[in-house]
Amino acid sequence: MKPKTGPYDPGWVVELAKEQRPADAELVQGLARCTMMVGECDCGCGDPHFVNPASRDWKVKRCVELMRADGVSVIVDVLEDGRVGSIEIGEWWRKK
Ligand SMILES: [Zn+2]
């Protein structure tokens, strides 16, 4: 199956970051720039990638955990250059 690419609306996760990490401007701004998917997780879970994990730019600086209103955790991978590399939605039991 070909990875999904194209426009992405990060509004839901920007809102979570503003609520839960209001002082983390890098996070909020990084998420707001997540408007174009370059692919998605190859396990089939559909988690969006905004930087290709196989590329030279993929240097994870930190992972930030947010919580969706339904209690599902959302892990944001922030890269060295401040971009958000991917958003992992923690329905781990559904993933391989
Ligand atoms: Zn996956």
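Any read-out appearing in this document is the output of simple, stated calculations on the displayed coordinates, not a laboratory observation. The structure presented is a predicted model; accordingly, all values stated were derived computationally and were not measured. Every residue, glycine as well, gets a Cβ built from its backbone with ideal geometry; the counts of neighbours run over all protein chains shown.
Structure values in brief
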| read-out | value |
| --- | --- |
| Under-5 Å amide H pairs with S86, H placed in peptide plane, nonlocal only | F50, D77 |
| Net charge of neighbours whose Cβ lies under 12 Å from the Cβ of G30, counting Lys and Arg as +1 and Asp and Glu as -1 | 0 |
| DSSP-loop GluC sites (Glu not before Pro) across segment 21-86, with at most 14 other Cβ within 10 angstrom | E80 |
| Radius of gyration, Dmax [segment 6-94; alpha carbons; angstrom] | 12.1, 35 |
| Karplus-derived HN-Hα couplings along segment 31-41 (A = 6.51, B = -1.76, C = 1.60, θ = phi - 60°), whole Hz, x at Gly and Pro | 5, 4, 8, 7, 10, 9, 7, 9, x, 9, 3 |
| Estimated [θ] at 222 nm from DSSP helical runs (n ≥ 4, -39500 (n - 2.57)) normalised by residues in the chain, nearest 500 | -5500 deg cm²/dmol |
| Partner aspartates and glutamates for K18 [C-alpha distance under 16 Å; skip if fewer than 8 residues away on the same chain] | D9, E26, E65 |
| Eligible aspartates and glutamates near K4 by straight Cα distance, threshold 14 Å, same-chain separation 8 or greater | E40, D42, D47 |
